[in-house]
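Inspection log for the structure reproduced underneath, given as C-alpha cells.
The values are calculated or read from the model by the stated rules, or taken from the named source; none is laboratory data. Just so you know, these numbers come straight off a predicted model, no measurement behind them. Note: ideal-geometry Cβ built from the backbone for every residue, glycine included; neighbour counts use all protein chains shown.
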Amino acid sequence: MTRVYRDLVPTFGDPLDWTLNTVLRHHASVRPDSTFLMTPEEGLEWTYAEMLGSAERIAGALGKAGAEQGDRVIIMALNSSRLVRSWFGTAVGGQVEVPINTNYEGEFLRHQVVTVGARWAVIDDTFAERFVAIAEHARGIEKFWVIDTGTGTEAVELLRRHGWSAEPWDALEEGPVLERPAPRPEELGAIFFTSGTTGPSKGVAMPHSQLYFFAQIVVSLTRLTHEDTYLTTTPLFHGNAQFMAVYPALVAGARAVVRPKFSASRWIDHVRDSGVTVTNFVGVMMDFAWKQPPRDNDLDNRLRCVYAAPTASSIVEQFKKRYGIEAFVDAFGLTETCAPIMSPYGVDRPAGAAGLQAADWFDLRLVDPETDREVPVGEIGELVVRPKQPWTCSMGYYGMPEKTVEAWRNLWFHTGDALRKDADGWFYFVDRYKDALRRRGENISSYEVEQAVLGHPAVTECAVIGVPAGVEAGEDEVLAVVVTSQPCDPAEILEWCRGRIPEFAIPRFVRFVDALPKTPSEKVRKAALRETGITADTFDRQEKVHGLQR
C-alpha cells in the first residue's frame, strides 16, 4: 500500500489560533519566565513574557506613528534580537512584515520597495545609504527606525537630511502597549520575496495561518517540544530561519538560538555552547560541516535531530555516528505552499527520498508540464499542490496578479519542480524543470550530478548545466562548474563520479572557477553560467586522455 505522512497534528488544534500573536500570548501566559530567544553574540536572552512585552510596545510605537493593520513594514537587518522583536511587533500589531535581503541595493531594492508600497521601515544603520540612493522610489516610506550596529554611522541624520522621518530603533520599545483587535489567521502576515533567478523577484503573500502552519510542519518533522533548543544560523530575511526555525521554537514553547551566520568550522561549537538539540542545514551546509577535520569531542553535544534540506544521503549515517545524532529529517516544499512532502522521524528512507505526502493536509499530483495530465507512478512530472485546509498556502504574488494566475492555473499551484514518486509513496526531487538536462536520450538531474561532485573532498561548490551537444539537436552535454578548496585535476573529479551516478550523467566538461555567480539571496545564477558556456580553460574529456575517454 502506498505510504503517506500521518504525523502532522497541530499543537494548536483550532485554526482560529493560527497566528503568532495568539501563540506568543499563550506561552507568555503558561511559561512566562522560560527563555525563548538567545543571541549569544549579543550576550542576551529573552523570556516569553519579555518577548510579548517587547512586541506589544513595538506594535504600540508603530500604531502611534500612524501604522494601520495591513501596512507593510520593511525589515532590512542582519540577524539580531532587535530584528526578531521587530518582526514580532508587526505580527502583534497586525502590520505586514516584509523582510528584505541585506545584500540588496539598487534595482533589486527598488523593485521590492515599489512592489510592496511600504510606509514604514526598520533597518540597520549601514543600509541607510542604499535607501538614499533610490530616494525617488522610496518616498512612500514615511518613517525609518534605525538599528545601531556599532559602526558609528550617522544613519538617522542622513535619512532626515533626505526628507524622511527617522529615529533610533530604541524608540520603538518606548511605545504605549497597543490596544487593537488581534490580526485574524486569514489576514496577510508577511511578504517573502523569491530569489528572482529567472526574472524580477516575486513577493509571496503569506497569511498568518500559513506562517503558523509552516512552523507546525517543522515542529512535527523534528518532534520539537518545550524541552528543546533550536539553533538557526541562516539569515532571518529567509523563511528558513523565520518560519522554519524561530517560529517552530515558538509554537513548541522551546528556545530559539539565533546566530549571525553559519560557520562550518565552528558549527559544532555553536551547537555545544548553547545546548542545542535541533538545528537545520540548507543546501551545502551539511557537506561543509562534514568536511571539517574530526575532533575528539565531536560527540560532546546534545544534538538529537537535524532538518537537512536536502539530506546528503551518501554521508548521513556517518554524520549521525560522528556527532551522536538520533535523526535526520527532510521535507519538500516552497514558500508558496508550505512543505506538503515530509519524512517521518526516525524512519529509514530510500537514498535521495525527500519524504511522503502529508495526505491529511495537501493534495499532490505529478503532471506533464505541457498538458497538466497526471503521469504514471515512477515517471517524472511537475509537482502541483492544492491545500485541504484554508489559508495554509500563499495568497498569491503581491502586486503581480498575472504571475499568480499563471502559477495557479487549473486550480493547482505549479511548482516548476520535477519530481518522481515510487510505488511505496516516496517522493524524489529530480530538478527544476528549467535546469533539467537530456543527453543521448537520457534525462539527467543536474541536482543529482551536483550532489555526486560535491562528495569529492576537494570540492566546496558545484553547479551543473547543459551546454549544446553540437551534434544532436535539442540535446545537451553536461558541464560541471566547480569551486575547490585545493588544487585538483578535473579528471580526478570525473573518476570520482564513476559508480556514484550513471555513466551517461558523468560530465563531459569541467571548469574551475573562484566563485559561482549568485543572486543576492545566494542562489546560483545558472543562466549566467549558460551564457558563458564553454571557455578556453574548460576541460573536455573527449579531447584529453585521462583514462576516461570513451
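Just to be sure, is L250 crowded, with 22+ Cβ neighbours inside 10 Å and either over 15 Å from the mean Cα position of the chain (by Cα) or farther than 23 Å from F193 by Cβ (or both)?
For L250, the condition - crowded, with 22+ Cβ neighbours inside 10 Å and either over 15 Å from the mean Cα position of the chain (by Cα) or farther than 23 Å from F193 by Cβ (or both) - is met.
Identify, please: which residue in the range 394-406 is on the phi < 0 side of the Ramachandran plot and either assigned to a strand (DSSP E or B) or of a type in the set (A, V, I, L, M) (or both) and is, among those, surrounded by the most Cβ atoms within 10 Å (Cβ to Cβ)?
Y397
If you take the residues of the range 532-550 that are out of contact with any Phe, Trp or Tyr (no Cβ under 8 Å at 6 or more places or on another chain), of a type outside the set (A, V, I, L, M, F, W, C) and modelled with pLDDT of 85 or more, which of them is nearest to F512 (Cα to Cα)?
Applying the filter and picking the extreme gives T535.
Looking at the range 318-345, which of the residues that are acidic (D, E) and crowded, with 22+ Cβ neighbours inside 10 Å is farthest from D363 (Cα to Cα)?
Narrowing the range 318-345 to residues acidic (D, E): 326, 330, 336.
From what is left, the residues that are crowded, with 22+ Cβ neighbours inside 10 Å are 330, 336.
Values: D330: 19, E336: 15 Å.
If we take residues in the range 318-345 being acidic (D, E) and crowded, with 22+ Cβ neighbours inside 10 Å, then D330 is farthest from D363 (Cα to Cα).
Can you tell me which residue is surrounded by the fewest Cβ atoms within 10 Å (Cβ to Cβ) among those in the range 25-62 that are part of a helix (DSSP H, G or I), out of contact with any Gly (no Cβ under 6 Å at 6 or more places or on another chain) and among the small types (G, A, S)?
Among residues in the range 25-62 that are part of a helix (DSSP H, G or I), out of contact with any Gly (no Cβ under 6 Å at 6 or more places or on another chain) and among the small types (G, A, S), the one surrounded by the fewest Cβ atoms within 10 Å (Cβ to Cβ) is S29.
Name the single residue that is nearest to A339 (Cα to Cα) among those in the range 421-442 being in contact with a Phe, Trp or Tyr (Cβ under 8 Å, 6 or more places away or on another chain) and modelled with pLDDT of 95 or more.
The qualifying residue nearest to A339 (Cα to Cα) is F427.
From L172, L178, L159, grab the single residue that is in the same structural domain as I100 (by TED's automatic domain parsing) and at pLDDT below 95.
L178
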